[in-house]
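The structure appears right after this line, and notes come after that.
The values are calculated or read from the model by the stated rules, or taken from the named source; none is laboratory data. Since the structure is predicted, the reported quantities are computational estimates derived from the model, not experimental observations. FYI the Cβ positions are ideal-geometry reconstructions off the backbone, even for glycines, and counts take in every protein chain you see. Just the protein is used for accessible areas: all its heavy atoms, side chains included, with ligands, DNA and RNA removed. Shrake-Rupley method; radii C 1.70, N 1.55, O 1.52, S 1.80 Å.
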Amino acid sequence: MMRKIITTIFLCIALIACNRNGSNSSAIMPPELDSILDEYIANNPKRNVFNIVFENRNHKQFFYLQSYPDFYDGNFVDGCFIKNGKIIIFWSVNKSWKDSLLHIPQEELCFDSLAKYSDINKVGVHFDGSPYHLTYRILSVNKYRKAEDSDWSYPEPACDSNVISSAALNKIVNDFINTNDSPTITYLRFSNVNGDNFVSIGYDIVYNPETFSGMFYRNGRIVIVYSLDNIRNLDIIDRKSLLPIQTISDYRSIKRKFPRFPEKKYRIVSKGKMERITSDNSIWMDI
């Protein structure tokens with residue numbers, strides 16, 4: 001009797017280990033996604049960390065595949081599992097089809113395996129290579145195709161002038177959105193240094209709740225306003241038209257001081273004039 005019990009225990013352990021190695025991955029995602037992920041892993045044999053990122057943009061659904069040598073970003077982990085001996089991290093930019101495509105049982109999640117790799121938020125990581133980024137548009141739960149440039153397009157370019165009462169700043173915002181192919185989130189960050197008012201414009205996939213002043217839509221695109229109180233004496237933004245933070249609650253919030261992506265910075269000379277500040281200017285880092 002004891003031998004039967006021990007045999008049963010070892011069989012259960014073997015089955016759990018088999019699941020953790022991802023041998024039954026087709027049961028936790030649609031077959032086509034399983035096949036795409038298999039091929040992507042096979043094409044990146046020297047990478048150990050793989051990301052599946054889901055996003056809903058312009059009422060269209062996408063997922064991206066990314067791969068890295070041995071590190072990950074701890075700010076962007078909804079879950080992870082093992083497939084073909086590799087760790088697969090998944091997360092969503094905003095409310096998306098992630099839960100429709102991935103059905104990961106609790107016992108398949110392997111957060112403990114992340115300890116083998118470096119979190120770029122805690123350890124300095126230098127990576128000269130490319131994440132070999134692939135993007136797919138989700139047409140249905142079981143059907144996808146590689147994304148095309150036209151998939152990202154909006155019905156019209158950013159051209160409106162709502163919320164911002166400065167024609168000069170409006171042009172900066174619209175040009176930025178159109179030049180950068182309609183970023184997920186565009187933001188304006190206001191500052192005052194030595195009595196001069198400045199505005200920085202950039203893009204991101206998350207928002208900072210600490211400095212959030214409000215947001216608005218520019219021809220369907222999200223624009224967030226940060227630290228508006230820093231320029232109290234300038235009537236540039238119509239505060240009454242700004243939407244509250246709950247409007248963007250589908251997106252991930254991260255408290256961080258420095259931007260993840262490059263910014264453009266301007267001195268607000270007047271409501272009608274913005275003067276570009278370049279990185280060789282000594283005041284650049286203070287803005």
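In nm, give the distance between the simple-model label positions of HIS133 and LYS240, each being 7 Å from the Cα along the Cα-to-Cβ direction.
The answer from the label model is 4.1 nm.
With Cβ to Cβ distances under 11 Å as the rule, what net charge do the other residues near TRP152 carry (K, R +1; D, E -1)?
On the way: positive: ARG57, LYS60, ARG137; negative: GLU55, GLU148, ASP149, ASP151, ASP181.
Summing Lys/Arg as +1 and Asp/Glu as -1 gives -2.
Dividing the alpha-carbon radius of gyration of segment 48-167 by 2.2 N^0.38 Å (N being the number of residues), what value is obtained? Spell out each step's value before the answer.
Numbers: Rg = 17.3 Å, N = 120, 2.2 N^0.38 = 13.6 Å.
In units of the 2.2 N^0.38 Å rule of thumb, it is 1.28.
Looking at segment 187-233, what % of its DSSP beta bridges pair antiparallel, to the nearest 5?
Numbers: 13 of 16 bridges.
In segment 187-233, DSSP labels about 80 percent of beta bridges as antiparallel.
Can you sort GLU210, GLU156 by 1.4 Å-probe accessible area, starting with the largest? Let's see the in-between values first.
Details: GLU210 125, GLU156 85 Å².
So, going from the largest accessible area down, we get GLU210, GLU156.
Taking the radius of gyration and the Kirkwood hydrodynamic radius from Cα positions alone, what is the Rg/Rh ratio for segment 223-287, to two decimal places?
Details: Rg = 14.3 Å, Rh = 14.5 Å.
Result: Rg/Rh = 0.99.
Tally Lys and Arg at +1 and Asp and Glu at -1 over the other residues with C-beta under 11 Å from the C-beta of THR211: what net charge comes out? Walk me through the intermediate numbers first.
Values: positive: ARG189, LYS255, ARG256, LYS257; negative: GLU210, ASP229.
Once all neighbours under 11 Å are counted, the net charge is +2.
Could you put TYR226, TYR132 in order of accessible surface area, largest first, with the 1.4 Å probe and the full protein assembly present? List each step's numbers first, then the result.
Working: TYR226 15, TYR132 95 Å².
So the residues, ranked largest to smallest area, are TYR132, TYR226.
Rounded, prolate or oblate: which fits segment 179-287 when a ≥ b ≥ c are the square roots of the eigenvalues of the alpha-carbon gyration tensor, with rounded for a/c under 1.5 and prolate only if a/b beats b/c?
Values: a/c = 1.64, a/b = 1.35, b/c = 1.21.
It comes out prolate by the Cα gyration axes.
For the chain, find the longest principal axis of its Cα atoms and tell me its angle to the long axis of helix 31-42, 0 to 90°, nearest 10.
Helix 31-42 sits roughly 90 degrees off the main axis of the chain.
In degrees between 0 and 90, to the nearest 10, how far off the longest principal axis of the chain does helix 167-179 point, with axes built from Cα atoms?
Compared with the principal axis, the helix lies near 30 degrees.
Using just the helices of the chain, give the 222 nm mean residue ellipticity in deg cm²/dmol: DSSP H runs with n ≥ 4 each add -39,500 (n - 2.57), and the total is spread over all residues, rounded to 500. List each step's numbers first, then the result.
Numbers: 4 runs with 48 residues, N = 287.
Only helices count here, giving -5000 deg cm²/dmol.
Among bridges DSSP assigns within the chain, what percent are antiparallel (round to 5)?
The answer is about 80 percent antiparallel.
Within segment 90-201, what percent of beta bridges assigned by DSSP are antiparallel, to the nearest 5? Don't skip to the end; give the middle numbers.
Numbers: 10 of 10 bridges.
Roughly 100 percent of the DSSP beta bridges within segment 90-201 come out antiparallel.
Send over a whole-number figure in Å² for the accessible area per residue of the chain, probe 1.4 Å. Intermediate values should be presented prior to the final figure.
Working: 15400 Å² over 287 residues.
Heavy-atom SASA per residue in the chain reads 54 Å².
Using a 10 Å cut-off on Cβ atoms, rank the peptides 61-68, 72-79 from the highest mean neighbour count down. Don't skip to the answer; put the middle values down first.
Working: 61-68: 21.1, 72-79: 16.8.
Final packing ranking: 61-68, 72-79.
Can you bin segment 157-220 into rounded, prolate or oblate? Criterion: square roots of the alpha carbon gyration tensor eigenvalues sorted a ≥ b ≥ c, rounded for a/c under 1.5, prolate for a/b above b/c, oblate for the rest. Mind showing how you got there, number by number?
On the way: a/c = 1.78, a/b = 1.25, b/c = 1.42.
Since a/c reaches 1.5 but b/c is at least a/b, the shape of segment 157-220 is classed as oblate.
Expressed as an acute angle from 0 to 90° and rounded to the nearest 10, what is the orientation of the C-alpha long axis of helix 2-20 relative to the principal long axis of the chain?
30 degrees
Could you check the spin-label model distance between SER153 and GLN106? Points 7 Å from the Cα along Cα→Cβ, value in nm.
4.8 nm
Leaving ligands and nucleic acids out of the surface, order THR135, THR247 by accessible area at 1.4 Å, largest first.
Working: THR135 30, THR247 55 Å².
Heavy-atom accessible area, descending, gives THR247, THR135.
Just to be sure I understand, if you calculate Rg and Dmax of the Cα atoms in Å for this structure, which of (1) 19.4, 59; (2) 23.0, 87; (3) 17.8, 55 do you get?
Recomputing Rg and Dmax of the Cα atoms in Å here picks out (2).
Length gain on complete extension for the stretch LYS60 to ASN121, per 0.36 nm per residue less the alpha carbon to alpha carbon distance?
Values: separation 61, 0.36 × 61 = 21.96 nm, distance 3.06 nm.
The span from LYS60 to ASN121 would gain 18.9 nm if fully extended.
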